[in-house]
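Beneath this line is the structure, given in structure tokens, with notes to follow.
The values are calculated or read from the model by the stated rules, or taken from the named source; none is laboratory data. Owing to the predicted nature of the structure, the values given are computational and were not obtained by experimental measurement. As a convention, Cβ positions derive from the backbone with ideal geometry for all residues, glycine included, and neighbour counts pool all protein chains shown. Surface areas here come from the heavy atoms of the whole protein model, side chains and all, with no ligands, DNA or RNA. Shrake-Rupley method; radii C 1.70, N 1.55, O 1.52, S 1.80 Å.
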Amino acid sequence: MTKVAWNTKELSVGQLAERSGVAVSALHFYEAKGLIQSRRTAGNQRRYHRDTLRRVAFIRLAQRIGIPLKTIKDALSELPDERTPTRADWARLSAAWRGELDDRIEQLQRLRDDLTDCIGCGCLSLDRCPVANPHDRLGDEGPGARRIDTRLCPPQISGCAPQTGCASPPDAPLPAAS
């Protein structure tokens, strides 16, 4: 790896890729989506401000935890262009996602706890299926797993039990999808 001087103000796309561990093609994609910016030299080469390293690291982390690119872009648009974002800027940005991350954690815990018994699909094929989907009522709500996703059946809805996803007793009315 070629060491870039610590006080270098701008990086080429190759230097940014090498330093960030992100492929050049991914950096081009991020730029096309408006997540990062570059300027062009007289020879039409891209040059990135050094603080783009932090933005790329933030993008990669956000993607790793499942934040959609549109949400990442909206968050990054709140950061200042004229200066390197501060710790307070990053804290404000990440705090806005706390609720969404808590929801994702809850969904993953439910999935982990329920996966061996039921995937929430409404298939009626398992003799121990806790979904109890008589007459395939869940199929009327749409495709896919209808009961395991906490956004479709949050814990506060009657009939939903955290240990069993959203399994309701067979005669209980189905919770409405939100």
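Data for the structure
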quantity: FRET efficiency, 1/(1 + (r/R0)^6) with R0 45 Å, evaluated for Glu106 and Thr41 via beta carbons; calculated: 0.40
quantity: Exposure of Ser94 as accessible area (Å², to 10), given a probe of 1.4 Å and all protein chains; calculated: 60 Å²
quantity: Accessible area expressed per residue, the range 2-96, with surrounding protein chains retained (probe 1.4 Å, Å²); calculated: 62 Å²
